[in-house]
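**Student:** Questions regarding the structure given below will be posed in turn.
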Amino acid sequence: MQTVDILGAPVARLTLDEAAAAVAGFVREGRPRQVITLNPEFLYRAQFEPELMAAVRRADLVTADGVGIVWAARRAGNPVPERVTGIDLLLRLAEEAARHRWRVFLLGSAPGVAEAAARELAVRYPGLVLAGTHHGYFKPEEEPGVVEKVRQSRADILFVALGAPRQELWAARHLEALGVPVVMGVGGSLDVLAGRVRRAPAWMRRLHLEWLGRLLMDPRRWRRQAVLPKFALLVLRRYR
């Protein structure tokens, strides 16, 4: 798998279809693997938090989730073919899971959200096998029980919606104990599927303005997106 090094992160040079094919290979192999869909906010923070960068570098597949990562790869002289976002990859994998009868577990978000997201996925992809669901509001002392629940479910794919970077660190810490062939953080994707949050319109996504759509729908995101100019400056300095 070809990758491009972006500020220390090995980002795969794959299309959405190719990324889904890679994950399908992980499922068939059966040993625990972690997938990270990397956005600029996460990568910028990882420059100053070694634990985050270590998780990214240990991951088995890192995709370019965000136009900022695509732009940074181009500045680095080794472009990626397209964005591969968490929700787009989740949907493609759910489609594949229904076709191949893979078992899918949804973990995260508020109580009731994972169940609602599971119902929506079952409607979209008839035949999808849901191995289980669990909310993300568990206490530290409840964590071993959550891990065991996932393990006992015999899931092939675990989608974790605990918010970045918590979900990536949680997945990395429990990867072997979970025993799931593919563990992937999906951020707010379950909230979107459950109808709790609207995704930016397709035309904004085509114009690479999904970040703006998110900001307009949730102005509180400005604190997170304020890091984008800092990320851009860092990239410009590194790849002159």
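**Student:** Could you please find all residues in the stretch 39-67 being at pLDDT 95 or above and small (Gly, Ala, Ser)?
**Tutor:** Matches in the stretch 39-67: Ala46, Ala54, Ala55, Ala59, Ala64.
**Student:** What about Ala55, is it under 29 Å from Val11 (Cα atoms) and within 19 Å of the chain's Cα centre (by Cα)?
**Tutor:** Criteria met by Ala55.
**Student:** Another question, then. For Trp170, only one of the following conditions fails: (1) within 17 Å of Ala55 (Cβ to Cβ); (2) of a type in the set (Phe, Trp, Tyr); (3) in contact with a Ser or Thr (Cβ under 9 Å, 6 or more places away or on another chain). What is its number?
**Tutor:** The number of the failed condition is (3).
**Student:** Then there's this: Please determine whether any residue of the stretch 82-94 is under 16 Å from the mean Cα position of the chain (by Cα), of a type in the set (A, V, I, L, M, F, W, C) and under 20 Å from Glu176 (Cα atoms).
**Tutor:** Looking for residues that are under 16 Å from the mean Cα position of the chain (by Cα), of a type in the set (A, V, I, L, M, F, W, C) and under 20 Å from Glu176 (Cα atoms), one finds none in the stretch 82-94, hence no.
**Student:** Residues that are on the phi > 0 side of the Ramachandran plot, among the acidic types (Asp, Glu) and loosely packed, with under 15 Cβ neighbours inside 10 Å: which helices (runs of 4 or more DSSP H) entirely in the stretch 120-201 hold 2 or more of them?
**Tutor:** Result: empty, no element qualifies.
**Student:** Taking the stretch 94-119, which residues are surrounded by fewer than 21 Cβ atoms within 10 Å (Cβ to Cβ) and outside any helix (DSSP H, G or I)?
**Tutor:** If the condition is that a residue be surrounded by fewer than 21 Cβ atoms within 10 Å (Cβ to Cβ) and outside any helix (DSSP H, G or I), then Arg101, Arg103, Ala110, Pro111, Gly112 are the ones that fit.
Listed here are the residues, each with its yes/no results for (1) more than 17 Å from the chain's Cα centre (by Cα); (2) within 18 Å of Ala24 (Cα to Cα); (3) among the aliphatic types (A, V, I, L, M).
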{"position": "Arg103", "(1), (2), (3)": "yes, yes, no"}
{"position": "Glu148", "(1), (2), (3)": "yes, no, no"}
{"position": "Trp170", "(1), (2), (3)": "no, no, no"}
{"position": "Leu190", "(1), (2), (3)": "no, no, yes"}
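**Student:** If a residue has to be outside any helix (DSSP H, G or I) and closer than 18 Å to Glu41 by Cβ to count, how many in the stretch 81-93 make the cut?
**Tutor:** Counting residues in the stretch 81-93 that are outside any helix (DSSP H, G or I) and closer than 18 Å to Glu41 by Cβ gives 3.
The values are calculated or read from the model by the stated rules, or taken from the named source; none is laboratory data. Given the structure is predicted, the values throughout are model-derived calculations rather than measurements. We place every Cβ from the backbone using ideal geometry, glycine too, and count neighbours over all the protein chains shown.
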